[in-house]
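Before any comments, here is the structure.
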Ligand SMILES: *Cc1c(COP(=O)(O)O)cnc(C)c1O
C-alpha cells in the first residue's frame, strides 16, 4: 500500500521532541497566547525572511484577517486565481468584497499574469496570488501591476512553506503573506493553525488586534475583531517541526526529482513545469492526463492512493452558484474547469521511500502506455 501522505510518520520520527514540547506547554500554565506562541512567531518570521509574524487560528482566517487589516471590505473587488482552493475566494467573500477570478497559465497552473490587467476595474483593491501546489506564482509582474494601479497584494502561501522565488523565501515579497498549518501542509500542526507574515509593523499591530476581539488591552475593544488564535500546544509542536522543515522539504524535492526523471511525459501525461526562477516546496506533485480517471482507478486497484486538487474550482461550487447562475450556458473560467478534470496528485511526502516512488513511476508509465 502506498498512502498519499503518511502523517503519522512525522510524529513517529519526532516523538520524543514533540512529547517533551507538549508536556512543557501543559505544565507552563499558558493555554492561550504566551511564550510558545511568541517564540513560534519569531522563529517562523525568521524562517520566512520576514520582519513580523502574527499567528492565527487557521489558513482561511489568515487570508480574511489580512484582507481586513488592509482595509478591504464591502464594495471592493479582489482579484483571485480561478484555479485555487475555495478558501482564497471565501476569505474575500467573508470580508464583504467580491472575488474576481483570473485564469491560470496552463503550464504552471498558477495565475496568468498577462490576464490580470483586463480584470482590473475602478473597484479593484487587491490581488491575491496563490502559490498553488507549492509552486511560486510569478510575483514580479503581479507586484508591478499592483504598483501601477495602487493595489495591495496578498500571497496565499498555504502550500508554500519554504519555497523560494528568485532565490528569496516566500514570506515577505508582498503586503501580507498568509499561511496554513493544517496537518497535511508542509509545516502542519496536530490540528488547525495559521499565520500572516509581513514587513509592516503597522499591519502586524492591526492583525494582532483583529485576531483578539479587536482588543489590545483587556476589555477595551477598538474594532470588531474575531477570536482566531493559534493555541500554545500547536505552537509548541510547530516549533519542533519547523526545525525539520528544510530537511523534509529536501526529501520532498528528492521525490519530485525522481518523478520528473522517471515519468514519461507524452500526450497523455503532462508533468509540472518549473520556471527557472522557482524553487517549489513540492507540497503536491500534480500531473495532468486526458485519461485521469482511468489512471486514478488503475493506481487505486494497486493500492496506490492519489488525490485530486481540485475536482471543481470555486466558481463551480454550490456555494458560489448565486454569482454564477448560467454556468451551463457559458463558463467564465473554462481553464480552471478543465484543469479540474485532468489533474491528479501523486503520492509525495518526506517519509515516502525510494522504493514506493519507483513503484508509482513504473505503474503510471505502464497505465499510460496501455
Ligand atoms: C489549506 C489551504 C488554505 C486554508 O487553510 P486552512 O488552515 O485549512 O483554513 C487556504 N488556501 C490554500 C491554497 C490552501 O491549500
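The values are calculated or read from the model by the stated rules, or taken from the named source; none is laboratory data. Computed from a predicted structure; not experimentally measured. When we count neighbours, we look across all protein chains shown, and the Cβ atoms used for this are built from the backbone with ideal geometry, even at glycine.
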Q. Here are 34, 101: which of them is modelled with pLDDT of 95 or more and away from the ligand (no atom under 16 Å from the Cβ)?
A. 34
Q) Hey, does region 310-331 have a residue that's free of Cβ contacts under 8 Å to residues at least 60 places away in the same chain, closer than 19 Å to residue 131 by Cβ, within 22 Å of the chain's Cα centre (by Cα) and surrounded by 14 or more Cβ atoms within 10 Å (Cβ to Cβ)? A) no
Q. Out of region 76-97, which residues are near the ligand (Cβ under 10 Å from one of its atoms) and touching a strand residue (DSSP E or B) at 6+ places or on another chain (Cβ under 9 Å)?
A. 81, 84, 85, 87, 88, 89, 90, 91
Q. Mind checking which pairs have a first residue in region 124-151 that is closer than 21 Å to residue 97 by Cα and in a helix (DSSP H, G or I) and a second that is at pLDDT 95 or above and within 11 Å of the ligand (Cβ to nearest atom), Cβ under 6 Å, 6 or more apart or different chains?
A. 142/129
**Q.** Among the residues listed as 234, 296, 253, the single one being part of a helix (DSSP H, G or I) and either within 30 Å of residue 30 (Cβ to Cβ) or within 16 Å of the ligand (Cβ to nearest atom) (or both)
**A.** 234
Q) When you look at residue 116, is it away from the ligand (no atom under 15 Å from the Cβ) and either in contact with a helix residue (DSSP H, G or I) (Cβ under 9 Å, 6 or more places away or on another chain) or closer than 18 Å to residue 340 by Cβ (or both), yes or no? A) yes
**Q.** Hits in region 128-162 - residues which are within 13 Å of the ligand (Cβ to nearest atom), within 23 Å of residue 256 (Cα to Cα) and over 11 Å from the mean Cα position of the chain (by Cα)
**A.** 137
Q) Any residue at all in region 105-113 that is surrounded by fewer than 24 Cβ atoms within 10 Å (Cβ to Cβ), on the phi > 0 side of the Ramachandran plot and away from the ligand (no atom under 16 Å from the Cβ)? A) no
Q) Given 70, 65, which one is more than 14 Å from the ligand (Cβ to nearest atom), touching a residue at least 24 places away in the same chain (Cβ under 8 Å) and buried (at least 17 other Cβ atoms within 10 Å of the Cβ)? A) 70
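Looking for whichever is touching a strand residue (DSSP E or B) at 6+ places or on another chain (Cβ under 8 Å) and either outside any helix (DSSP H, G or I) or at positive phi (or both) here; the options are 364, 286, 329. Which one fits?
286
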Q | Every pair of residues 6+ apart whose Cβ atoms lie under 6 Å, when the first sits in region 176-200 and is within 20 Å of residue 244 (Cβ to Cβ) and modelled with pLDDT of 95 or more while the second is more than 11 Å from the ligand (Cβ to nearest atom) and in a strand (DSSP E or B) | A | 195/53; 195/55; 197/53; 197/177
Q | Single condition residue 195 does not satisfy, out of (1) part of a helix (DSSP H, G or I); (2) under 16 Å from residue 162 (Cα atoms); (3) within 15 Å of the ligand (Cβ to nearest atom) | A | (1)
